[in-house]
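Peer 1: Pasting a structure here, questions to come.
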Amino acid sequence: MSLVPMDDRDGWIWLDGQFTPWREAHVHVLTHGLHYGSAVFEGERMYGGEIFRLTEHTERLFKSAEILDFSIPFTVAQIDEACKATCAKNGLDDCYVRPIAWRGSEQMGVSAQQSKIHVAIAVWAWPSYFKPEEKARGIRLTWGKYRRPSPETAPTASKAAGLYMICTLSKHAAEREGYADAMMLDWRGYIAEATGANVFFVRDGTIHTPTPDCFLDGITRRSVMELARGKGFDIVERHITPDELPSFSECFITGTAAEVTPVAQIGEHRFTPGNISLSLMDDFARLVRRELVTA
């Protein structure tokens, strides 16, 4: 299947408050966000005409911008409405939604306090991150080369563009070796997350997940934890070491793109997608389609 470039598509992108034809939504080559990574973004999904946890995503976008020391020149409500309007403008009710805010090209250098802050929202049809049959049997992960940094060395509480470069490098390396993704450790050597998803493990009916103290506490992560607790499962958030992996029977990852995806392998360790992983995968699919009501 041929790849359709992201800059050569039909449709509309919401850019700084107005709709711009897709192919005309340009930024200058000297944009600060390109050179210094001064950009924050969100990844959201619309299911059946409704963007899942839209306001939570938008609020996180604003918090990320605050952490990167800039203010988004719109309100949360305005960005919420713009996200929905962009989906409607493109005639989509099942799609991926990408809001992004960045420092512009007014100043070039490490300091860019006078740069204008731009905001864009693009939406496009995007099926499941992994093939359905691949999800059911569990995906294969290898170990990532790079580690999630300490919050003392990077703004790890933000969804900042620059933080994802080590994810890109790790995922590229994994794919070259025939894996679907990579599992990353943090700077201390604890299990952190996959390159774009949080991770959970199951032992004797209890769900364990890393403490999100140097990576994002994902919105999908929190939603799945609510589902699990609603089903009566205990969830333990703690530091998890790699040598504990043989003691876990199940593993799954969560994220806007991954949704809930069982894992069959992390490096030399094997897992069997079981009742907990598969039931939460199904429950989450029903939740986002508003077929499951939670308290």
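The values are calculated or read from the model by the stated rules, or taken from the named source; none is laboratory data. What you are looking at is a predicted structure, and each value in this text was computed from that prediction instead of being measured. Heads up, the Cβs are rebuilt from the backbone with ideal geometry, glycines too, and the neighbour counts pull from every protein chain shown. The accessibility values were calculated without ligands, DNA or RNA, using every heavy atom of the protein model including side chains. Shrake-Rupley method; radii C 1.70, N 1.55, O 1.52, S 1.80 Å.
Peer 1: Taking all protein chains together and a probe of 1.4 Å, list 179, 96, 36 from the most accessible to the least accessible.
Peer 2: 36, 179, 96
Peer 1: Residues of region 226-263 with backbone nitrogen within less than 14 Å of a virtual label 7 Å along the Cα-to-Cβ line of residue 188, please, listed as ranges.
Peer 2: Inside the label zone: 237-242.
Peer 1: Next up: Could you give the distance between the Cα centres of region 189-214 and region 112-187, to the whole Å?
Peer 2: 15 Å
Peer 1: I've got another one for you. How many angstrom lie between the Cα centre of region 239-258 and the Cα centre of region 49-67?
Peer 2: So the two Cα centres are separated by 26 Å.
Peer 1: Going from most exposed to least, what order do 143, 14, 187 have by accessible area with a 1.4 Å probe?
Peer 2: The ordering from most to least exposed comes out as 187, 143, 14.
Peer 1: Continuing with this model, one more query. Any idea how many Lys pairs in the chain come in under 24 angstrom at the alpha carbon, given 8 or more places apart or on separate chains?
Peer 2: Lysine pair count for the chain: 11.
Peer 1: Could you please state how large a percent of the accessible area of region 16-99 is carbon and sulfur, counting protein chains only and using a 1.4 Å probe?
Peer 2: 51 percent
Peer 1: In a GNM of the chain with a 10 Å cut-off on Cα contacts, which of 172, 28, 269 has the highest mean-square fluctuation?
Peer 2: Comparing 172, 28, 269 in a Gaussian network model of the chain, the most mobile one is 28.
Peer 1: Just grab the label-to-label distance for residue 172 and residue 279, each label 7 Å out from Cα along the Cβ direction, in nm (one decimal).
Peer 2: Distance between label points: 4.2 nm.
Peer 1: May I pose another question? What is the local net charge at residue 279, summed over the other residues whose Cβ is closer than 12 Å to its Cβ (Lys, Arg +1; Asp, Glu -1)?
Peer 2: Net charge in that neighbourhood comes out at -1.
Peer 1: Report the dimensions of region 102-256 along its three principal axes from the alpha-carbon atoms, largest first, rounded to Å.
Peer 2: For region 102-256, the Cα extents along the three principal axes come out at 56, 37, 36 Å.
Peer 1: State, to one decimal in nm, how far the label point of residue 77 lies from the label point of residue 50, with both points 7 Å from Cα in the Cβ direction.
Peer 2: With each label point 7 Å from Cα toward Cβ, the separation is 2.1 nm.
Peer 1: Given the rule -39500 (n - 2.57) for each run of at least 4 DSSP H residues, summed and divided by the residues of the chain, what is its mean residue ellipticity at 222 nm, to the nearest 500 deg cm²/dmol?
Peer 2: Per the formula, -8000 deg cm²/dmol.
Peer 1: Any chance you could run the full-extension gain for residue 234 through residue 150? It's 0.36 nm times the residue separation minus the Cα-Cα distance, nm to one decimal.
Peer 2: 27.4 nm
Peer 1: Suppose all protein chains stay in the model; what accessible area per residue would a 1.4 Å probe give for the chain, in Å²?
Peer 2: It amounts to 48 Å² per residue over the chain.
Peer 1: Leaving ligands, DNA and RNA out of it, report the carbon-plus-sulfur percent of the accessible area of region 143-244 at a 1.4 Å probe.
Peer 2: Its accessible area is 50 percent carbon and sulfur atoms.
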